[in-house]
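So the structure is just underneath, and the comments pick up after that.
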Amino acid sequence: MKQKHFALFVLLSPILLSSCTVGKPKDLTPPASSIASAVDPSSIQGAKVLFVGNSFTYWNNIPGIAEEIGKSLGMGIECESITKGSQKLIDTANASNEIGALLETALTTKKYTHIVLQEQSTLPVKNYSQYVEAVKKIAKRIEQTQDSPEVYLYSTWGYTNMCEGGETIPQCEARLRDATFQCAIETGLKATYVGEAFSKAYDQYDDKAFLYCSDAKHPSYAGSFLSAATHIASMFQVDVRESGFLGTPGVTLDAKEECVVKPDVAANLKKIAYEVGVN
């Protein structure tokens with residue numbers, strides 16, 4: 001696996017050595033009984049995914065988990081990432097920026113089938129116009145350099161420090177999701193609603209903290225697993241419930257916990273990812 005992870009400085013490492021459709025508005029999630037039939041994952045070969053973002057992408061090597069989930073389903077998939085902590089897409093859109101330069105090199109030297117763009121976690125609701133501007137600039141450069149890959153906006157999750165005026169975490173996530181949805185409409189792109197999956201899991205479990213690591217902001221390994229599963233379900237419309245990947249025993253990454261999800265928890269997280277992603 002050729003997993004690439006750039007965080008503060010350029011770092012290349014495999015997952016075992018690493019340090020986690022134009023979409024729908026929040027009230028249109030279909031019930032499980034009405035979800036479309038999933039695509040045969042074995043029919044997906046030669047998929048090459050580039051994740052572009054910051055710590056909500058590289059935490060616990062989320063692209064690496066996504067690749068492992070895909071491979072466990074029989075997909076031919078390779079995931080790469082270009083990231084830096086707290087990076088904003090408006091900076092990534094600038095080729096003279098450190099991460100912008102890395103993106104420019106990747107776009108001009110490689111070909112991707114899917115590209116995922118992740119904005120700084122609160123900016124879509126705090127500075128929506130900048131978010132749209134940045135997405136349009138990057139999308140234009142992708143169009144100029146690539147052979148029409150599918151481009152997705154990564155809608156991330158809510159967390160306590162993001163919430164305002166007594167909001168619950170799902171409520172502040174819903175604002176973020178709406179902003180992502182509107183940006184997808186304006187730019188003609190698609191989205192992966194990872195935050196929606198987080199909110200569903202948040203509402204289902206008594207232990208609300210299990211999706212987050214100790215800073216109550218970044219994902220635990222379970223949260224990273226849910227993110228990765230939602231990306232795979234959303235981008236490829238495959239039934240991630242069939243994946244047997246549960247993590248990598250004995251390895252600890254950014255959340256400082258073993259990179260394994262218990263089978264019963266993993267089954268439910270994959271179910272949530274499937275219901276959010278396959279539509």
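If we scan the range 201-209, do we find a residue that is open to solvent by 20 Å² or more (accessible area, probe 1.4 Å), more than 16 Å from the chain's Cα centre (by Cα), among the aliphatic types (A, V, I, L, M) and closer than 23 Å to L73 by Cβ?
No, every residue in the range 201-209 fails to be open to solvent by 20 Å² or more (accessible area, probe 1.4 Å), more than 16 Å from the chain's Cα centre (by Cα), among the aliphatic types (A, V, I, L, M) and closer than 23 Å to L73 by Cβ.
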Practice item. State yes or no: is A222 closer than 23 Å to N279 by Cβ and open to solvent by 10 Å² or more (accessible area, probe 1.4 Å)? Key: no
Exercise for review: Tally the residues that are open to solvent by less than 50 Å² (accessible area, probe 1.4 Å) and in contact with a Gly (Cβ under 6 Å, 6 or more places away or on another chain), restricting the search to the range 225-262.
Suggested key: 6
Practice item. For residues that are more than 17 Å from the chain's Cα centre (by Cα) and of a type in the set (V, I, T), scanning just the range 155-200, find the one that is surrounded by the most Cβ atoms within 10 Å (Cβ to Cβ). Key: I169
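Could you please give the count of residues in the range 105-124 that are of a type in the set (S, T, N, Q) and either closer than 17 Å to N161 by Cβ or in contact with a strand residue (DSSP E or B) (Cβ under 6 Å, 6 or more places away or on another chain) (or both)?
Residues flagged as of a type in the set (S, T, N, Q) and either closer than 17 Å to N161 by Cβ or in contact with a strand residue (DSSP E or B) (Cβ under 6 Å, 6 or more places away or on another chain) (or both) within the range 105-124 amount to 5.
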Revision key, fill the gap. Selection over the range 119-131 where residues are open to solvent by less than 10 Å² (accessible area, probe 1.4 Å) and more than 14 Å from G158 (Cα to Cα) yields a count of 1
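The values are calculated or read from the model by the stated rules, or taken from the named source; none is laboratory data. This one's a predicted model, so the numbers in the text were calculated from it and none came from an experiment. Here Cβ is always computed from backbone atoms with ideal geometry, including for glycine, and neighbour counts include all displayed protein chains. Ligands, DNA and RNA are stripped out before the accessible areas are found, and what is left, the full protein with its side chains, is counted by its heavy atoms. Shrake-Rupley method; radii C 1.70, N 1.55, O 1.52, S 1.80 Å.
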